[in-house]
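Here's the structure, in structure tokens; my notes come after.
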């Protein structure tokens, strides 16, 4: 029988089909192949979600620091150096376990200057420069009434991921809060020790 006759015989085709059928139903290496294809995607998703969750947690802490800063100052009639240092120490503890050297806090008292303008009465800062006294600040309309004031707490945090795989570089997280003084029309700032 010649080679061309062997290929044309039904038994040869049956052997080829049986071989292909056996290959199609074989499951011995299927799980390993599926794992090899899916594992990199799943690992990337896991670490990506870990980094995103960490970034959202840092952003929540920045909002908490800004809110707490405004709330602590709005309860006072007057603030001295010692009290301001205590406020900054309390705010720094809220950012734990994130590095504190990347957080900038600016606390200011804004007063009505007449004619719809608002000026800085005093300002203090940690890891940043305070606002210039007397400088004009744009605030939402109707926030500061005639003869009134508000406390402005601004927090900026330069977030960098501990893993640095998905989020590369730093992301500036910022928040600001305006709060009216609760016990006085305007909070005064003294430089002496309380």
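The values are calculated or read from the model by the stated rules, or taken from the named source; none is laboratory data. Since we're looking at a predicted model, the values are computed, not measured. Heads up, the Cβs are rebuilt from the backbone with ideal geometry, glycines too, and the neighbour counts pull from every protein chain shown.
Which condition breaks for residue 92 when tested against (1) without any contact (Cβ under 8 Å) to a residue 60 or more places away in the chain; (2) over 30 Å from residue 48 (Cβ atoms)?
Residue 92 satisfies all of (1) without any contact (Cβ under 8 Å) to a residue 60 or more places away in the chain; (2) over 30 Å from residue 48 (Cβ atoms) except (2).
For region 135-161, what are the residues that are out of contact with any strand residue (DSSP E or B) (no Cβ under 8 Å at 6 or more places or on another chain) and surrounded by 11 or more Cβ atoms within 10 Å (Cβ to Cβ)?
Scanning region 135-161 gives a single hit, 161.
So in region 30-86, with the set limited to residues that are free of Cβ contacts under 8 Å to residues at least 12 places away in the same chain and under 19 Å from residue 174 (Cβ atoms), which one is nearest to the chain's Cα centre (by Cα)?
56
Filter region 145-163 for residues that are modelled with pLDDT under 90 and in contact with a helix residue (DSSP H, G or I) (Cβ under 8 Å, 6 or more places away or on another chain) and give the result.
Matches in region 145-163: 160, 161, 162, 163.
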